[in-house]
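Accompanying notes for the structure given below.
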Amino acid sequence: MISLEEFVDDVAMAFRHKISGAPTTDNWEIANGLVKKFGGNALNAAGASGETADLLWTRVSMSDAWLNVYLDQKYYEVDPLLKALNGSIPEYGYNTGVLTSKDTENSLEIGLNQDIRGFGYGSLFSSTFIDAKDANRIIVVHCSEMSLSELDGEIGLDRIRLLQAMIAANIQVPEIMYADDPLRLRRHLSPREVEVLKWLASGLRNDEIAYKMNVAEVTVRKTIAAARQKLNARTREQAIAIAIRDGWITL
């Protein structure tokens, strides 16, 4: 196992290295290469609002086959890593293929834990960071064929944490939220967004919705804007119409 100092130098050099005259490489590709170099087989990252905890963007390199199963089975409803991001949990380790009915009565949680193992992911290790520029959260997930204990023994979780911190500091956040969204999470409104749209559809003003939900009016405005973006709606009226059409809310 390389020393911690050599590891940090390796990662820092990868992000600093630019070949004169060559096209600039997206740091996301560099990050994926580093993850594969250090015990991983995929990299996930996502951002969430520091104020509302709503998901803002995702970048994912897991297989399309797995992502299709993830979406079809609605595993995002019980995904512990999304919960870690929304709850601002600094670190979360997840071994796959281990949950049974003895551990939980939730069949969706068992299905997620078992199914993901079949696609070659033995563990997922996440770290959540606060973006100093806007106080939003960024989660970086190192996926591996190995279990967490195997990964710790071969690479060292201390090194994985450092790698994640450097990835969080260097990857590009999509300029247009959801423009590059392999999970297609724009389809999945948060509970807060659904509630705001329901009140909006009932004819309440922003200040009245804020009072009903016991939040600041600026939070209501931001939530409406996020819902419009996810639904690809130009106006709040169009957002309500799309939400009704897609079954998110009823009148």
Inset, instruction - Please build a GNM for the chain, connecting alpha carbons under 10 Å apart, and tell me which residue among 54, 134, 64 fluctuates the most. - result: 134
Legend entry - Spatial separation of Cα centroids for the stretch 60-82 and the stretch 95-154, in angstrom: 11 Å
Legend entry - the chain: most fluctuating residue of 225, 46, 65 per GNM, C-alpha cutoff 10 Å: 65
Inset, instruction - Between residue 207 and residue 225, with labels modelled 7 Å along Cα→Cβ, what's the label distance in nm to one decimal, could you check? - result: 2.0 nm
Legend entry - Computed lengthening from residue 64 to residue 218, 0.36 nm per intervening residue step minus Cα-Cα distance: 51.7 nm
Legend entry - 3J(HN,Hα) from dihedral phi, the stretch 96-105, Karplus parametrisation 6.51/-1.76/1.60, rounded to Hz, x for glycine, proline: 9, x, 10, 6, 9, 5, 6, 8, 7, 8
Inset, instruction - Within the chain, what's the longest run with no trypsin sites (Lys or Arg not before Pro) in a DSSP loop and at most 10 other beta-carbon atoms within 10 Å? Give the range, please. - result: 134-233
Inset, instruction - Taking Kirkwood radius over Cα pairs in Å as the quantity of interest, determine which of (i) 18.0; (ii) 19.7; (iii) 18.7 was computed from the displayed structure. - result: (ii)
Legend entry - Estimated vicinal HN-Hα couplings, Hz - the stretch 235-251 in sequence order (Karplus 6.51, -1.76, 1.60; Gly, Pro = x): 10, 5, 5, 5, 4, 4, 4, 5, 4, 5, 4, 8, x, 6, 9, 10, 8
Legend entry - Estimated [θ] at 222 nm from DSSP helical runs (n ≥ 4, -39500 (n - 2.57)) normalised by residues in the chain, nearest 500: -14000 deg cm²/dmol
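Computed from the coordinates by the stated procedures, all read-outs in this text should not be read as laboratory data. It should be emphasised that the depicted structure is a prediction, and the values quoted were computed from it without experimental measurement. No Cβ is skipped: glycine too gets one built from the backbone with ideal geometry, and neighbour counts run over all protein chains shown.
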